[in-house]
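Take a look at the structure set out below.
The values are calculated or read from the model by the stated rules, or taken from the named source; none is laboratory data. Just so it is clear, the structure is predicted and the values come from calculations on it, not from any experiment. As a convention, Cβ positions derive from the backbone with ideal geometry for all residues, glycine included, and neighbour counts pool all protein chains shown. Just so you know, the surface numbers come from the protein's heavy atoms only, side chains and all, with ligands and any DNA or RNA stripped out. Shrake-Rupley method; radii C 1.70, N 1.55, O 1.52, S 1.80 Å.
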Amino acid sequence: MIGRRGWVGLGSVAAVLLLWFGLTTATGFVSPGRFPSPADFWLSLNQISTRGYAGGGLAAHALQSVKLVAMGFVVAIATGVPLGLWMGWDRRAEAAINPIFLIIRPIPPLAWIPLAILWLGLGDGAKIMVIWFAAFVPSVINSFAGVRNIDRPIIEAAQMLGTPRWRMVTEVIAPAAAPMIFTGLRLSLQASWTTLVAAELVGALAGIGFVLNMAQQDIYPGMILVGMVTVGVLGWATTYALGRVERRALAWNVAGRD
């Protein structure tokens, strides 16, 4: 059953759709050359879904983009989360690594594109590297903050009980820092999707970013909007899936908030 918040959300979407129709179709206030009408959007969506565009159908392009985001995201959390936990737990590791991280952190992910091409060529590896860097930074920062925000008495109690170092990390540090870690994962996933389009401009032959690039060259506003909406829907779907994982993994924390 749809709750109150659900109805409010549906009302907001309906209002935007009505405004879109009114400005483009009903009044012609916005010309089709500047922003597509709902009919233009539907025709473009039908074309890419049935006949294809930019060398493939919508499903094939979406699958390629999801694959790149998933691989970059997984590599980022596999490297960023342990690094953040290590820096947060070990002061010596922080002293050695943090200065380098602080230099690398402000570099925009897109600035890595030339090196990615030089090192990995024009294949998927270069795109995954760019997405990895975009997702890597938030995962490190939030994992580090999660460890540093743990109440000191919890760690001291575990140390008094003689908890071995490995069990301290896996059974005390990581669970206590988990809410902040998942916050970092959400930010990392969002960063992966926002970087995807630029990453797929690097010698891509498929993907939503490639569709957007081709539509821009063809001056095809309807297809541009289809690509943008597709990225938005895929980003929402993956974020929702991650949220479900978080609710299962942190049921104790969710129950406490509720």
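Data for the structure
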| quantity | calculated |
| --- | --- |
| Kirkwood Rh, Cα atoms: Rg over Rh of the range 173-216 | 1.28 |
| Estimated translational D of the range 1-144 in µm²/s (Stokes, Kirkwood radius over Cα pairs; 25 °C; 0.890 mPa s) | 127 µm²/s |
| FRET efficiency, 1/(1 + (r/R0)^6) with R0 22 Å, evaluated for V74 and T170 via beta carbons | 0.65 |
| V16-A95 FRET efficiency (beta carbon distance; Förster radius 51 Å; 0.05 resolution) | 0.55 |
| Ellipticity estimate at 222 nm from DSSP helix runs (n ≥ 4, -39,500 (n - 2.57)) divided over the chain, nearest 500 | -24500 deg cm²/dmol |
| Charge context of I155, other residues only, Cβ under 14 angstrom, K/R +1, D/E -1 | +1 |
| Zero-based 10 Å bins, Cα pair distances in the range 123-258, whole percents | 11, 29, 27, 17, 11, 4, 1 |
| Measure of compaction for the range 38-84 (Cα Rg per 2.2 N^0.38 Å) | 1.73 |
| Å² of accessible area per residue within the range 171-247, as computed with a 1.4 Å probe and no ligands counted | 43 Å² |
| For the range 115-158, alpha-carbon Rg and Dmax in angstrom | 17.6, 52 |
| Solvent-accessible area, 1.4 Å probe, carbon plus sulfur percent, for the range 14-100 | 73 percent |
| Protein accessible area in the range 115-258, 1.4 Å probe - carbon and sulfur % | 66 percent |
| Of L189, I104, V8, farthest towards positive along the dipole that unit charges on Lys, Arg, Asp, Glu beta carbons give the chain | V8 |
| By accessible area with a 1.4 Å probe, ligands and nucleic acids excluded, highest first: order of D90, D151 | D151, D90 |
| Most mobile listed residue (P153, P114, P32) in the chain, GNM with C-alpha springs under 10 Å | P153 |
| Dipole-positive endmost among M87, S139, A60 within the range 55-159 (Cβ charges, Cα centre) | A60 |
| Degrees between helix 58-89 axis and first principal axis of the chain (Cα, 0 to 90, nearest 10) | 20 degrees |
| Enclosed volume per residue, in Å³, of the convex hull spanned by Cα atoms of the chain | 163 Å³ |
| Heavy-atom SASA rank of V13, V231, V69 (probe 1.4 Å, accessible area, largest first) | V13, V231, V69 |
